[in-house]
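Chemist: Structure provided below as structure tokens; questions to follow.
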Amino acid sequence: MTPDVTDGAVTGMAGTGDRNGARETGKSIDTLAIRDLRLRFRGYTETTTVLHGISMRVAPEQRVALVGESGSGKTVIARAILGLLQLLPGAIVNGDIDFEGQDLTGLTTRAWRRLRGVRMSMIFQDPTSSLNPVFTIGEQFHEVHRRADPAIRRSVSGDRAAAILEEVSITEPDRVLESYPFQLSGGMNQRVMIAMAMANEPALLIADEPGTALDVTVQDQTLRLMRRLVDSHRTSVLFISHNLGVVREFADRVYVIYQGRIVEEGPSAAIFRDPRHAYTQALMAAAPRITGGGIPDVSEDEPAFLAPREVHPPEPTPTGDG
Amino acid sequence: MHPVLRLLLRRAGMSALVLIGVSVLIFVIARVIPGDPARIALGPNATVEQVANLRDALHLDQPVWRQYGHFIADLARGDLGVSLYTNRPVTTDIAQFLPATLELVFAAAILMIGLGLPLGILSARYRGGIIDNSIRVVALLGVSAPSFVWAVILMLLFAFFLPIFPIAGRLSTDFLIEPVTGFLLVDTLLAGNPAAFGNAVSHIALPAFALALSGIGQAARLTRANMVETYDRPYIEMARSYGFPERRIAGRFAFRPSLIPSLTILGLDFAAMLGNAFLVEAIFAWPGLSRYGVAVILRKDLNAIIGTVLIISATFLIANLIVDLLIAWLNPRIRHGRGTGG
């Protein structure tokens with residue numbers, strides 16, 4: 001147990017204590033519990049339904065993946081958890097979003113905003129364009145640290161930033177802190193963004209297709225670093241991806257989303273061993289294989305894809321595939 | 001060499017070339033336009049001999065390129081010659097009249113930046129709303145009428161119908177301020193005379209505002225346009241996901257990247273103010289370089305014309321240089337040389 005787990009977290013929040021309890025009793029309040037989340041967008045003539053009652057949960061320290069194709073509603077779920085979606089004038093959001101036992105939908109926009117960047121944070125697809133081009137990495141870390149501690153000194157922030165940059169294997173953190181995003185490579189910016197998202201020791205990290213803009217080797221490398229970081233800080237992760245290979249390696253639990261509905265859920269190993277829903281099977285068949293044969297033909301729309309949700313039973317103790 | 005230093009040197013070298021070009025151009029044009037400066041200066045009663053003597057003293061009978069040689073030789077000693085209009089060295093005249101003009105232009109530039117940028121930020125933050133629309137109307141009004149029109153309108157409204165501000169001049173005759181910098185706003189403070197300072201402020205308010213209005217409108221419109229574009233960037237969404245208040249996102253994360261493209265245009269606006277100041281000065285009887293400039297042009301006062309034009313050009317170039325350096329300072333890509341990325 002590292003001391004910085006408790007030191008870095010904002011005092012007075014429920015998360016840390018519960019998480020410690022979770023280890024011993026195996027029962028606790030979920031970091032995130034979404035119940036029947038519905039989203040519609042109001043248009044000029046009609047409203048379009050984007051999410052048809054999504055329910056999912058992320059337990060403390062759990063890494064949960066949300067998998068689906070583009071346009072299935074993955075990203076709007078992330079925006080809804082952060083409360084960003086609710087700021088859009090045309091969005092109608094219904095349902096409960098409980099975060100560390102607190103119903104977020106009952107909060108004022110101001111109270112919800114205060115959780116962002118402090119208790120929950122997000123990693124974006126394209127690291128280089130997601131960092132502000134006219135501020136140094138150090139300045140941006142300072143801004144983020146000030147979200148949790150408005151009075152933090154620049155030097156203290158710099159030390160903390162350097163420490164967390166070292167955790168993502170950045171060997172010269174001081175040089176990186178003085179740099180601007182355009183002076184760093186995409187992979188470097190990705191690590192910076194991961195470190196920045198973890199800077200305030202959030203309870204929940206939402207990663208929206210992290211590193212999709214990077215090449216595969218760099219992506220793989222940064223995902224390993226991210227996994228190590230969330231493990232050592234005991235952070236829950238909601239991992240949004242369309243990349244099954246990455247999901248299989250990274251996630252404990254998988255939710256498959258298709259056209260705004262969760263079609264299958266269960267422990268990662270179970271889903272990959274035994275995909276039950278027609279869409280999940282199609283999704284797995286669509287993964288290109290290194291053994292050749294090219295990209296398989298997959299039908300785009302089948303009635304079976306809209307079949308009811310398949311739920312795999314929880315696995316009491318994590319067991320390997322073989 | 002440091003990129004900013006290299007930029008500074010290159011810009012300074014180019015400025016010197018521009019100044020030489022301007023001086024040649026004005027030198028030739030001033031001599032081509034009809035009329036004998038010596039005759040105009042001495043008046044209709046002077047004898048032919050007197051006129052010939054003055055022409056000789058001014059080297060007017062020599063070829064233009066030799067005259068230019070004399071001019072450059074004098075300029076190297078810091079001597080711009082004697083004005084035939086005031087019978088004083090041109091440098092003395094400029095030292096007397098330039099500060100008033102610069103004070104007016106600086107005050108207008110401060111208004112342009114101090115009002116234009118915040119209005120643009122507000123407009124972009126509340127885009128589509130009533131605040132945005134009101135600011136856009138005002139900004140459009142500002143850019144659509146030239147400053148001398150605003151000068152007349154403001155003078156009528158706030159000095160004549162509603163006599164809040166004095167109608168003309170720089171300072172009431174009740175005050176006697178020892179010139180130190182020539183900037184009355186500074187000199188009154190140096191003299192420790194708050195009443196005189198207030199008086200100087202009330203005098204400069206209307207002409208500075210009239211001069212600044214189009215710049216304020218331009219600055220607000222540019223800032224808004226650039227910021228609206230910046231608002232669509234991923235780093236703004238990232239700032240929102242970190243829970244930064246909208247206020248801070250507007251004033252810092254969206255404003256800073258938007259400022260750089262605006263600055264170049266603002267530099268040009270500042271330069272335009274130097275020209276527009278001539279008309280505004282005429283309307284408000286502001287004792288600046290404009291009245292002197294017009295008088296010497298009408299009298300074909302060769303030395304004074306060249307001196308005035310050169311000093312205005314130099315001010316223009318220095319202002320542009322400052323803007324370029326500001327851009328370099330604000331834009332890390334310039335400050336640190338080329339970006340690497342990838």
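Chemist: Collect the residues in the stretch B:207-221 that are open to solvent by 30 Å² or more (accessible area, probe 1.4 Å) and either within 14 Å of chain A (Cβ to nearest Cβ) or over 16 Å from the mean Cα position of the chain (by Cα) (or both), keeping them in residue-number order.
Modeler: First, the residues of the stretch B:207-221 that are open to solvent by 30 Å² or more (accessible area, probe 1.4 Å): B:209, B:214, B:218, B:221.
Across the stretch B:207-221, the qualifying residue is only B:Arg221.
Chemist: State which residue is farthest from the other protein chains (Cβ to nearest Cβ) when the search covers only the stretch A:200-216 and only residues that are open to solvent by 10 Å² or more (accessible area, probe 1.4 Å) and in contact with a Gly (Cβ under 9 Å, 6 or more places away or on another chain).
Modeler: Only one residue fits best here, namely A:Glu201.
Chemist: Here is a further query. Restricting attention to the stretch B:287-330, and to residues there that are buried (at least 21 other Cβ atoms within 10 Å of the Cβ) and without any contact (Cβ under 8 Å) to a residue 40 or more places away in the chain, which single residue is nearest to B:Ala109 (Cα to Cα)?
Modeler: B:Ile312
Chemist: Determine the pairs where a residue that is in a loop (DSSP other than H, G, I, E, B), located within the stretch A:272-283, has a partner that is of a type in the set (D, E, K, R) with Cβ atoms under 6 Å apart, the partner being 6 or more residues away or on another chain.
Modeler: A:Arg276/A:Glu310; A:His277/A:Glu264; A:His277/A:Glu310
Chemist: Can you pull out the residues in the stretch B:47-66 that are among the aliphatic types (A, V, I, L, M) and closer than 17 Å to B:Asp301 by Cα? Break it down into steps so the answer makes sense when it comes.
Modeler: Let us first name the residues in the stretch B:47-66 that are among the aliphatic types (A, V, I, L, M), namely B:48, B:51-52, B:54, B:57-58, B:60, B:64.
Within the stretch B:47-66, B:Val51, B:Ala52, B:Leu54, B:Ala57, B:Leu58, B:Leu60, B:Val64 qualify.
Chemist: Now for a separate question. Any residue at all in the stretch B:74-96 that is touching a Ser or Thr at 6+ places or on another chain (Cβ under 9 Å), farther than 21 Å from B:Ser290 by Cβ, surrounded by fewer than 13 Cβ atoms within 10 Å (Cβ to Cβ) and without any contact (Cβ under 8 Å) to a residue 24 or more places away in the chain?
Modeler: Within the stretch B:74-96 (the criterion being touching a Ser or Thr at 6+ places or on another chain (Cβ under 9 Å), farther than 21 Å from B:Ser290 by Cβ, surrounded by fewer than 13 Cβ atoms within 10 Å (Cβ to Cβ) and without any contact (Cβ under 8 Å) to a residue 24 or more places away in the chain), the answer is yes, since at least one residue qualifies.
Chemist: Let me ask something additional. Give the stretch A:143-195 a look and list any residue that's surrounded by fewer than 19 Cβ atoms within 10 Å (Cβ to Cβ), over 25 Å from the mean Cα position of the chain (by Cα) and free of Cβ contacts under 8 Å to residues at least 12 places away in the same chain, or say none.
Modeler: A:Pro150, A:Ala151, A:Ile152, A:Arg153, A:Ser155, A:Val156, A:Asp159, A:Thr171, A:Glu172, A:Arg175
Chemist: May I pose another question? Any residue that is assigned to a helix (DSSP H, G or I) and either touching a strand residue (DSSP E or B) at 6+ places or on another chain (Cβ under 6 Å) or surrounded by fewer than 16 Cβ atoms within 10 Å (Cβ to Cβ) (or both) - is there at least one of those in the stretch B:164-185?
Modeler: To start, the set of residues in the stretch B:164-185 that are assigned to a helix (DSSP H, G or I) comprises B:184-185.
Of the ones still in play, those that are also either touching a strand residue (DSSP E or B) at 6+ places or on another chain (Cβ under 6 Å) or surrounded by fewer than 16 Cβ atoms within 10 Å (Cβ to Cβ) (or both) are none.
No; the residues of the stretch B:164-185 include none that is assigned to a helix (DSSP H, G or I) and either touching a strand residue (DSSP E or B) at 6+ places or on another chain (Cβ under 6 Å) or surrounded by fewer than 16 Cβ atoms within 10 Å (Cβ to Cβ) (or both).
Chemist: Might you check whether a residue that is closer than 25 Å to A:Gly68 by Cβ, hydroxyl-bearing (Ser, Thr, Tyr) and in contact with a Phe, Trp or Tyr (Cβ under 7 Å, 6 or more places away or on another chain) occurs anywhere in the stretch A:203-223?
Modeler: No, the conditions are met nowhere in the stretch A:203-223.
Chemist: Is it the case that A:Ser72 is part of a loop (DSSP other than H, G, I, E, B), surrounded by 21 or more Cβ atoms within 10 Å (Cβ to Cβ) and not basic (Lys, Arg)?
Modeler: Numbers: part of a loop (DSSP other than H, G, I, E, B): yes; surrounded by 21 or more Cβ atoms within 10 Å (Cβ to Cβ): yes; not basic (Lys, Arg): yes.
For A:Ser72, the condition - part of a loop (DSSP other than H, G, I, E, B), surrounded by 21 or more Cβ atoms within 10 Å (Cβ to Cβ) and not basic (Lys, Arg) - is met.
Chemist: Which pairs turn up if I take residues in the stretch A:85-114 that are more than 25 Å from A:Glu61 (Cβ to Cβ) and small (Gly, Ala, Ser) and look for partners that are in a helix (DSSP H, G or I) and open to solvent by less than 60 Å² (accessible area, probe 1.4 Å) with beta carbon separation below 6 Å, at least 6 apart in sequence or on another chain?
Modeler: Cβ pairs passing all conditions: A:Ala91/A:Leu85.
Chemist: Another question, then. What residue, among those in the stretch A:171-199 that are in a helix (DSSP H, G or I) and β-branched (Val, Ile, Thr), is farthest from B:Tyr242 (Cα to Cα)?
Modeler: Step one: list which residues in the stretch A:171-199 are in a helix (DSSP H, G or I), which gives A:173-178, A:181-183, A:186-197.
Keeping just the survivors that are β-branched (Val, Ile, Thr) gives A:176, A:192, A:194.
Values: A:Val176: 21, A:Val192: 15, A:Ile194: 13 Å.
Once the filter is applied, the top-ranked residue is A:Val176.
Chemist: Follow-up question, since we're still on this one. Would you point out the residue of the stretch B:222-256, among those that are in a loop (DSSP other than H, G, I, E, B) and without any contact (Cβ under 8 Å) to a residue 24 or more places away in the chain, that is farthest from the other protein chains (Cβ to nearest Cβ)?
Modeler: Of everything passing the filter in the stretch B:222-256, B:Asp232 is farthest from the other protein chains (Cβ to nearest Cβ).
Chemist: Of all residues in the stretch A:96-114 being open to solvent by 10 Å² or more (accessible area, probe 1.4 Å) and either at the interface with another protein chain (Cβ under 7 Å from one of its Cβ atoms) or of a type in the set (Val, Ile, Thr) (or both), which is farthest from A:Gln86 (Cα to Cα)? Spell out how you get there, then give the answer.
Modeler: Let us first name the residues in the stretch A:96-114 that are open to solvent by 10 Å² or more (accessible area, probe 1.4 Å), namely A:96, A:98, A:100-103, A:105-114.
Now drop any that are not either at the interface with another protein chain (Cβ under 7 Å from one of its Cβ atoms) or of a type in the set (Val, Ile, Thr) (or both), which leaves A:105, A:108-109, A:113-114.
Details: A:Thr105: 9, A:Thr108: 11, A:Thr109: 8, A:Arg113: 11, A:Arg114: 15 Å.
The qualifying residue farthest from A:Gln86 (Cα to Cα) is A:Arg114.
Chemist: If you don't mind, there's one more thing I want to ask. Under 24 Å from the mean Cα position of the chain (by Cα) and within 30 Å of B:Gly215 (Cα to Cα): does that describe B:Leu80?
Modeler: No: the conditions fail for B:Leu80.
Chemist: Residues A:Ile77, A:Ile92: which one is at pLDDT 90 or above, of a type outside the set (Lys, Arg) and in a strand (DSSP E or B)?
Modeler: After ruling out the rest, the residue left standing is A:Ile92.
Chemist: Quick one: A:Arg191 ticks every box in (1) within 14 Å of chain B (Cβ to nearest Cβ); (2) under 27 Å from A:Glu61 (Cβ atoms) bar one, so which box is it?
Modeler: That leaves (1) as the condition not met.
Chemist: If I ask for residues that are more than 7 Å from every other protein chain (Cβ to nearest Cβ) and free of Cβ contacts under 8 Å to residues at least 40 places away in the same chain, which ones from the stretch A:116-142 would you list?
Modeler: Residues satisfying the conditions are A:Glu139, A:His142.
Chemist: Also: Six or more apart or on different chains, Cβ atoms under 8 Å: show the pairs whose first residue is in the stretch A:213-226 and among the small types (Gly, Ala, Ser) and whose second is in a loop (DSSP other than H, G, I, E, B).
Modeler: Once the first residue is among the small types (Gly, Ala, Ser) and sits in the stretch A:213-226, its partners that are in a loop (DSSP other than H, G, I, E, B) give A:Ala213/A:Gln125; A:Ala213/A:Asp126.
Chemist: Condition first: open to solvent by less than 50 Å² (accessible area, probe 1.4 Å) and within 14 Å of chain A (Cβ to nearest Cβ). Can you find one or more residues in the stretch B:193-206 that meet it?
Modeler: Scanning the stretch B:193-206 turns up no residue that is open to solvent by less than 50 Å² (accessible area, probe 1.4 Å) and within 14 Å of chain A (Cβ to nearest Cβ).
The values are calculated or read from the model by the stated rules, or taken from the named source; none is laboratory data. Being a predicted model, the structure only gives us computed values, none of them experimental. In this analysis, Cβ positions are derived from the backbone assuming ideal geometry, glycine residues included, and neighbour counts consider all displayed protein chains. Accessible surface areas use protein heavy atoms only, side chains included; no ligands, DNA or RNA. Shrake-Rupley method; radii C 1.70, N 1.55, O 1.52, S 1.80 Å.
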